[in-house]
Amino acid sequence: STDDDYDGEVFNPKADACLEQSTYHLDAAKIPADATVVRAFLVWTGAQPIAAIDDFTDDQVRLDFVHEAVAEMNVGMEVVGRQSRLTDAQDFEFEAIAESDTLGERGFFTHRVDVTDFFRQIQENGWVNEVSNGDADGLSLLGDYTVSGLDCATDAVYRDNGLMVSSWSLVLIYTSALIAPQNVYLYAGFHSYQHANSLIQIIGFEFPDQPKIKLTLNVNGGDTGQIDPVESMIPESLQIKGDGINYIQLFNTCNYLAEADNVTPSLHYTEIFNSISSEYDFDPTNGEHCIGYLGSEIDPITMEYGIDTDTFYIDGADYQWWDQFFLGGQQITLNLSANQDRILSNFLVLSHDVRPNVFDIPPHLDHPENNYEKGYCACSYEENAVCFEQEFIYFIRVQNWGDDIVAGVKVQDILPDAVDYIPGTTQIATQIQDGESGEWRGWDWM
C-alpha cells in the first residue's frame, strides 16, 4: 500500500499483502553472453508468524526457471535450508532476529542456500539443446526465475508497523571475457537498524590504477521520508571511503540526496531505504535503472514492497574519487546507518577490478613515435642495411606503452652468425634519471 498526501502523489510505500509467488526476468543486458556461473546462492527472508514464534522457520521454497525461448530448458527444484528456530545457532546459512518491545513480540529470519548445481544444470541443458556451445553459456540463463512456497506472516505487529517481510534474491558469481577480472566479496549480516550505524572494513588487496568498484546492498523494510532528529542525528545513508580521510555518501537517481530543511538543517541524508531499488547492466557505464520509480514519483506497479536492493558504481577515474581509490590503495570502509527507518540488513556484495600490471603494449601503427624497435647506423645508403667491410652500430628501442612503472628490465638480442660483438661498446643512448640520486646516467656492460 502507499499513503496519499492528498495531492494525488503516493509516497511511503508499505507491504500489506502476501503473494503466492514472484518472478524476476534476467535479460541479455544483465549478464554477458559468455557468462559461466561458478557460485550461486538463493537468499529468502521472512517474518515468523506470531502463533509459531517458537517453531521452525520456513526452511524450504521452490525455485523454477523458464527459458525465454526454448521450453526444453525449463527446470525447477525444491531448495531446502537448514531447519532452525529463531534462537538456534547462526552462521552464513541461517540468521535470525527476535525482538520484543512496545510494538510486541516478533521475529525475522533468513536462509542462504548454495544453488550452484541448479545453474550448472541450466548451462548443461544449454549445451544439450544447442542454446549455447561453450562460448555463449550466458544465453542459457536468460528467462524467468520464480520463487514460490515462502510462508508470509500477516500478523498485525508486522502489517500495521511497516514490518511485513517476505522476499528472495539470487546472487550469481560468474566468469566472462567481457568484464575485467574482479575480487568479489559477499558479506552476510542480518541485523536490525534504527537510529544506529555499523562500520564494515575490507582489506587484504591492492587497487590497480583508477579502480572500478560495484557495491550492492540488500535490506528489508524502510520508508520514504522517515526522519526523527530528536531521537538521533544519525543519518540514513551508506557512506564509503578508501585510503582517504573523509567518508563520501553514495547516491544515485534512485536513491537521491535529501535536502536539509528548517527542521533538520544539519542532517543531510540519502533516501536509500525507500523500497526503490537500483540496478545496473553488466556494463555499468550504461548507468543505473530504477525499480519502482519513474524519475519524479513512485511507481506502485513495479515497486518491490518491503525489499530494497541497491547497486552503486564507482569509477576511480572520476576526480571526486582520486583521493580515495588509487593505485596501491589497500582498504574500503563502509558506514551503514539508519535514522527513523527500521531496516533489516541481509547481505552486501562488493567487487573491484584487479587488472594485472600493464607494461609493454604491442605497437599502435597510428602512434607518431611508433618507429622500428631496431635500427642501424652504417656506411650503406640503403635504410637499415650494413656494410660488411667495416664496423657498424645498431640500436634497440625499449618502450613502455603500459599503465604501470616497470623495474629490472633486461634486454637480450641475438646477433647474426656473420657479426661479432665488440666488448664494452654497449651504452644507454637515452639519458635516464636515477631514482635515488636524481642524476642522469648511462652505462656500458659486456
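What follows is calculated from the coordinates using simple rules that are stated; it is not laboratory data. These figures come from a predicted structure and were not determined experimentally. All Cβ positions, glycine included, derive from the backbone under ideal geometry; neighbour counts span all protein chains shown.
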- [ ] Rank-order 291-301, 244-254 by packing density, defined as the average count of other C-beta atoms within 10 Å over each peptide's residues, highest first.
- [x] 244-254, 291-301
- [ ] Pop the C-beta distance of Ser148 and Ala317 into the FRET formula with R0 = 45 Å and round what comes out to the nearest 0.05.
- [x] 0.55
- [ ] Treat every Asp and Glu Cβ in segment 211-312 as -1 and every Lys and Arg Cβ as +1, leave all other atoms uncharged, and give the resulting dipole magnitude about the Cα centre to the nearest 20 debye.
- [x] 380 debye
TODO: May I ask you to list the lysines whose Cα is less than 23 Å away from that of Lys30, ignoring any residue fewer than eight positions away on the same chain?
DONE: Lys212, Lys214
Open item on the list: Quick query: amide H of Val38 versus all other amide H atoms, modeled in the peptide plane; which residues come in under 5 Å with a sequence gap of 5 or more or a different chain?
Closed with: Ile173, Tyr174, Thr175
TODO: Subtract the Cα-Cα distance of Ala418 and Thr253 from 0.36 nm times their separation in residues, and report this length gain in nm to one decimal.
DONE: 52.4 nm
Open item on the list: Quick one: 3J(HN,Hα) in Hz for segment 38-54, Karplus 6.51/-1.76/1.60 with θ = phi - 60°, rounded, Gly and Pro as x.
Closed with: 10, 8, 8, 9, 9, 10, 10, 9, x, 9, 7, x, 4, 5, 10, 4, 9
TODO: Rounded to whole Å and sorted largest first, list the principal axis extents of the Cα atoms in segment 149-259.
DONE: 51, 42, 27
- [ ] Give, in whole angstrom and from largest to smallest, the semi-axes √(5λ) of the equivalent ellipsoid of segment 82-216, with λ running over the eigenvalues of the Cα gyration tensor.
- [x] 35, 24, 13
Task: Efficiency of FRET between Ala71 and Ala17 - r from beta-carbon atoms, R0 30 angstrom, step 0.05 - done: 0.40
Open item on the list: Between Leu170 and Val398, what is the label-point separation in nm under the 7 Å Cα-to-beta-carbon projection?
Closed with: 5.2 nm
Open item on the list: For the pair Ala52/Ser198, report the inter-label distance in nm, with labels modelled 7 Å from Cα in the Cβ direction.
Closed with: 2.6 nm
